[in-house]
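As structure tokens, the structure follows; a few thoughts come after it.
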Amino acid sequence: MQPKTTPWLVSLFFTTLPLPAAHAQSSGAAPAPPAASAPAAVSVAPRDGEIMLSGVVQGVSADGKSLTLQAVSFTLPGKPAQAIQPPRTKTVILAAPAAAALQIGARVQVVGQDSGTGKPLTARAIVALPGAGAASTLLWEATAAAGQIQEPGAKVRALSAIGLAWARAGSLADAKEQFSAAKQSASQISKPEDTAAALRDLATAQAQAKDAAGAKQSFQEARQYVSQLKEDPQKVSVLAGIAAAQAQAGDPAGAKQSFAAAQQIPGSIADIPTRAFSYCDLAAALVRAGDLAGAQQMTEAAKQTCLQFNVGGPDNERYWRDRMRGLAIVRTVIKTGSMAEAEAIAAGITDGYMKSSAYWGIASAQADSRNFSAALATVARIRDDFPRSGALADVAAAQALAGDVNGALQLVPQITDGAHKSRVLQTIAAAQAQASDLNAARTSAMQATDPGSKAEAICAIAVAQAKSGDASAARQAAEPLTDPYWKAVTLSRIAEALMNASR
């Protein structure tokens, strides 16, 4: 339906928002903002036949009579807001020239007769909403970037991060809008195990945002996808992960229920090595949940299960028992038992690669406790390249986190595996940025060959600059990030850092 041609009232709720550097060359330079005025008493609630769009101003025409809106949600009369995924560009026609509050980057709500997709919207009322200054602008830019993410699981993670940032900015309504969009994206994931994981991560963000009801609902929906899984070991792993997240999110009752459901499954798994791994999955999740007694119980069940393996002859039996003890049990024993027991298990392993893997777990635990001399002595006992690289990376990362960046850098040349080296370079870059050694941080970041590790390092540099309150430098540091996921996540983290710096 085409809008009527009668004059329209344009009402402005003035809020001064800074012009984003990234959009400084957009069409129609925004005039200098005046002092804030009192809000006008004009309703933007949509009437019959109308629609309300929420979004961020991307451009203002030279004559000020129209603007370009990146719309991220819409509201129909009597209905809750719904996310627009991906965000859409909409031309908004104004009856009077735009006031200065409608500069590029301003967050607005526009209401007018619903003209349909692809057609201009003539505004009956338009309100420039108050926000968190530069942080508000960054979060709307992050939302626009998230709309360009193609992979649904990555989009869920990005939108969850943006929602959490909005909550920390004091706007739970905006946070819930992002969480709603994240849930919509989760429904588009093809594999049920990935959907469950995405909903688990969303629920964690909702809990951190103090949206307890939303978190509980998302956790429940995550559990519903477990029934669609065909393999019992996968059900154990997914349920255990949900349970640990529930415990960490402050839902002990939900965690207890999920753990109880997961613990009923391993006994019915016929394959003994697989059953042992499932017990180890449970033990590791219980450690994350803080239930060491429960983790010890599951670790013992894994040990006893390994002892039952006697199929396929002595060589096959020895291999599988070594694999269980080397790759699974050692790490849970370190968390729930003693280092001496873990070392005794490692010493008894006969397969060379499995022994190396066991010592990797021991070296990592020693590094976590900052016993670096013992950790390096354990690394010296590892004969195989991949586990040795992994152990060295764990030790170097722990050193960097402890403030010994030079010690970490000395270990990097010894790491032969590219993924492990990229991972530790990311940690080193973050530590250097935190210490305001930005040039060194950039050098470390550029040496990472893994794209994700490099992006995470660049993000850490940008956030470090935002923590000092320098929004311009933070934006400049983030410019190398072209992937929409990392752009969205980094902008949301910069926004949070700026908010914290201003408090």
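The values are calculated or read from the model by the stated rules, or taken from the named source; none is laboratory data. Given the structure is predicted, the values throughout are model-derived calculations rather than measurements. Here the Cβ is made from the backbone with ideal geometry for all residues, glycine too, and neighbour counts use every protein chain on show. Surface accessibility is based on the protein's heavy atoms, side chains included, excluding ligands, DNA and RNA. Shrake-Rupley method; radii C 1.70, N 1.55, O 1.52, S 1.80 Å.
Once the 1.4 Å probe is applied to the protein heavy atoms, region 189-261 comes out at 46 Å² accessible per residue.
Shown in residue order for region 414-420 are the 3J(HN,Hα) couplings computed by the Karplus curve 6.51 cos²θ - 1.76 cosθ + 1.60 at θ = phi - 60°: 7, 8, 8, 7, x, 5, 5 Hz (x for Gly and Pro).
Straight-line cross-link reach from residue 119 at under 27 Å between alpha-carbon atoms covers these lysines, not counting any fewer than eight positions away in the same chain: 4, 65, 79, 90.
Computed over neighbours whose Cβ is under 14 Å from that of residue 461, the net charge equals +1, Lys and Arg +1, Asp and Glu -1.
With all protein chains present and a 1.4 Å probe, how do 388, 47, 383, 168 order by accessible area, largest first?
Details: 388 75, 47 140, 383 185, 168 105 Å².
Sorted by accessible area, descending: 383, 47, 168, 388.
Net charge near residue 186, counting Lys/Arg +1 and Asp/Glu -1 over other residues with Cβ under 11 Å of its Cβ? Net of charged neighbours comes to +1. Solvent-accessible surface (1.4 Å probe) assigned to residue 287 amounts to roughly 40 Å².
Within the accessible area of region 427-503, the carbon and sulfur atoms contribute 47%, probe 1.4 Å, all protein chains present.
The label point for residue 353 and the one for residue 79, both projected 7 Å from the Cα toward the Cβ, are 5.6 nm apart.
For the pair residue 148 and residue 414, label points projected 7 Å from Cα toward Cβ lie 4.3 nm apart.
Estimated at the nearest 10 Å², the accessible area of residue 486 is 40 Å² with a 1.4 Å probe. Between the amide H of residue 104 and those of 30, distances stay under 5 Å, these residues lying 5 or more places away or on another chain, with hydrogens modeled in the peptide plane.
Here region 218-307 has 48 percent of its accessible surface on carbon and sulfur atoms, given a 1.4 Å probe and all protein chains in place. Applying the Karplus relation 6.51 cos²θ - 1.76 cosθ + 1.60 with θ = phi - 60° to region 144-153 yields 3J(HN,Hα) values of 4, 5, 4, x, 8, 6, 8, 7, x, x Hz, where x marks Gly and Pro.
For region 263-301, there are no residues whose amide N sits under 14 Å from a probe point set 7 Å from the Cα of residue 227 along the beta carbon direction.
Modelled spin labels at residue 172 and residue 470, positioned 7 Å past Cα toward Cβ, are 3.7 nm from each other. Taking all protein chains as they are arranged and a probe of 1.4 Å, the heavy atoms of residue 151 leave approximately 90 Å² accessible to solvent. Our coupling estimate for region 225-235, obtained by passing each phi through the Karplus curve with A = 6.51, B = -1.76, C = 1.60 and θ = phi - 60°, is 6, 4, 5, 7, 6, 8, 9, 4, x, 5, 4 Hz, Gly and Pro reported as x.
At 1.4 Å probe size, with every protein chain present, just tell me what the per residue accessible area of region 331-399 comes to in Å². Provide the component values of the computation, followed by the final result.
Numbers: 2780 Å² over 69 residues.
Using a 1.4 Å probe on heavy atoms only, each residue of region 331-399 averages 40 Å².
A full extension of the chain between residue 402 and residue 256 corresponds to an added length of 49.1 nm, given 0.36 nm per residue minus the alpha carbon distance. Bridgeable lysines around residue 235 (alpha carbons under 18 Å apart, same-chain partners fewer than 8 residues away excluded): 191, 256.
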